[in-house]
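Before anything else, here's the structure in question.
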Amino acid sequence: MVNFCITYVRLATRSDGRTHRTKIRTAAGGVGRNLAEALSKLEHNPVLISCIGDDLFGRELWRHFHTLKMDTSKIFTLSDTSTAIYSALLNANGECVFGLGDMEIYDLISAKVITEQCGQVIRDAGIVIIDGNLSVDVMTHVMTLCVENRVPLWFEPTEVRKAKKILQVPRELWKCVRFLSPNLRELASIVEMDLDDDDLSATHSGGTNNNFTFDLSKMQSLYEQCFSLFVGLEIILLTNGKYGIQIISRQGHGEIGGTRGLSIASYPPPDIGEGGIKSVSGAGDCLNAGFISGILQGMSWPDCAILGTMCAKKSLESMNNVPEQF
């Protein structure tokens with residue numbers, strides 16, 4: 001995927017055809033691609049399963065992959081469609097106001113391709129990561145391979161509407177889901193619970209731990225339902241922007257008191273240098289990559305969280321989705 005990040009200082013509300021002054025930059029992006037690049041720079045050997053179009057953007061991505069010396073054996077070039085593009089409108093603080101995406105190419109990744117051409121890669125993996133951009137059919141085939149070969153699966157919801165896709169996969173396959181990395185709205189979508197703005201604001205008005213604020217009584221049901229759905233789930237890596245992250249795990253892994261068999265550990269957001277936040281794009285993916293790197297190295301959850309936060313900090317301080325180095 002190619003990202004267009006459009007930063008504006010002041011945006012008029014009148015629709016009169018005027019041109020707005022902005023700063024526009026392009027970068028290689030996409031959840032899966034960002035994770036693969038970040039894991040590669042963390043000295044792992046990820047295999048990205050994806051597709052690109054036979055167009056200008058696709059050829060540039062191909063060049064980018066080879067420059068990074070990434071494994072491209074499972075990246076397929078399709079001639080009759082366009083490379084995925086995501087455009088983000090950012091305010092002056094680098095925060096995303098909304099995004100626009102053309103990702104139809106991902107619907108062309110077939111279950112047959114997964115089974116016949118990527119099956120062995122999945123069987124041999126230490127961990128498999130999927131995101132909400134995949135079709136339910138492809139998710140089903142990937143998760144079937146994970147269940148059959150006891151491969152742990154990490155699910156990144158991507159956004160609210162795509163988060164609940166995983167519920168359309170046959171329920172007997174949910175047990176391979178070991179890790180989730182949603183924000184609050186995405187987590188609520190997964191368990192099909194309605195959260196209004198008052199509920200979300202309440203999560204920042206309760207008790208505090210390490211600068212992350214939360215109202216455990218309101219979130220308790222949300223966490224419990226999620227662990228009930230996914231019986232093999234080990235942790236929820238809950239992202240909450242400027243409030244940092246929470247690691248919700250089964251009792252025995254957390255740093256603070258849990259409830260009904262769950263532990264919750266909170267970690268503050270990273271301290272950003274004098275240059276400030278350059279862009280939030282890619283920071284969540286780098287957070288996840290750092291955490292996953294810790295898992296692959298056998299680190300404890302707290303050390304995984306620290307490594308993930310460090311990677312997110314590097315991304316926030318960079319104009320690239322994934323910084324040059326961690």
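Which residue pairs have Cβ atoms closer than 7 Å, lie 6 or more positions apart in sequence or on different chains, and pair a first residue in region 21-40 that is under 14 Å from LEU287 (Cα atoms) with a second residue that is assigned to a helix (DSSP H, G or I) and acidic (Asp, Glu)?
VAL31/ASP285; ASN34/ASP285; LEU35/ASP285; ALA38/ASP285
Which of the residues spanning region 62-107 are among the aliphatic types (A, V, I, L, M), farther than 14 Å from CYS51 by Cα and touching a helix residue (DSSP H, G or I) at 6+ places or on another chain (Cβ under 9 Å)?
Selection gives LEU68, MET70.
Does region 15-37 contain any residue that is modelled with pLDDT of 85 or more and either more than 30 Å from ILE272 (Cβ to Cβ) or acidic (Asp, Glu) (or both)?
Taking every residue of region 15-37 in turn, at least one turns out to be modelled with pLDDT of 85 or more and either more than 30 Å from ILE272 (Cβ to Cβ) or acidic (Asp, Glu) (or both).
Right, something else. Filter region 83-97 down to residues that are hydroxyl-bearing (Ser, Thr, Tyr) and crowded, with 17+ Cβ neighbours inside 10 Å and give me whichever is modelled with the highest pLDDT.
Filtering region 83-97 for residues that are hydroxyl-bearing (Ser, Thr, Tyr) and crowded, with 17+ Cβ neighbours inside 10 Å, the one modelled with the highest pLDDT comes out as THR83.
Suppose we keep only residues that are touching a strand residue (DSSP E or B) at 6+ places or on another chain (Cβ under 9 Å) and under 24 Å from GLY29 (Cβ atoms) within region 290-303. Which one would you say is surrounded by the fewest Cβ atoms within 10 Å (Cβ to Cβ)?
Residue satisfying both the conditions and the ranking: ILE295.
A further question follows. Could you tell me whether region 100-118 includes any residue that is at pLDDT 90 or above, buried (at least 18 other Cβ atoms within 10 Å of the Cβ) and of a type in the set (D, E, K, R)?
Within region 100-118 (the criterion being at pLDDT 90 or above, buried (at least 18 other Cβ atoms within 10 Å of the Cβ) and of a type in the set (D, E, K, R)), the answer is no, since none of the residues qualifies.
Among the residues of region 154-162, is there at least one that is touching an Asp or Glu at 6+ places or on another chain (Cβ under 9 Å), more than 19 Å from ILE235 (Cβ to Cβ) and of a type in the set (Val, Ile, Thr)?
yes
Looking at (1) surrounded by 17 or more Cβ atoms within 10 Å (Cβ to Cβ); (2) within 29 Å of VAL128 (Cβ to Cβ); (3) at pLDDT 80 or above, can you tell me which one SER228 breaks?
(1)
Now for a separate question. Wholly within region 90-195, which strands (runs of 3 or more DSSP E) include no fewer than the required count, namely at least 1 residues that are in contact with a Leu (Cβ under 8 Å, 6 or more places away or on another chain) and among the small types (Gly, Ala, Ser)?
Counting at least 1 such residues, we get 96-102.
Right, next: Pick from ILE248, ILE236, ILE264: which is modelled with pLDDT of 95 or more, in contact with a Phe, Trp or Tyr (Cβ under 9 Å, 6 or more places away or on another chain) and crowded, with 16+ Cβ neighbours inside 10 Å?
ILE236
Now for a different question. Search region 90-103 for residues being of a type outside the set (Gly, Ala, Ser) and within 19 Å of the chain's Cα centre (by Cα), and hand back the single one that is nearest to ARG25 (Cα to Cα).
LEU90
Also, quick follow-up: Condition first: of a type in the set (Lys, Arg) and crowded, with 16+ Cβ neighbours inside 10 Å. Now tell me which residues in region 156-174 satisfy that.
Answer for region 156-174, where residues must be of a type in the set (Lys, Arg) and crowded, with 16+ Cβ neighbours inside 10 Å: LYS162, LYS164, LYS165.
The values are calculated or read from the model by the stated rules, or taken from the named source; none is laboratory data. Nothing here was measured: the structure is a model prediction, and the numbers come from that model. Note: ideal-geometry Cβ built from the backbone for every residue, glycine included; neighbour counts use all protein chains shown.
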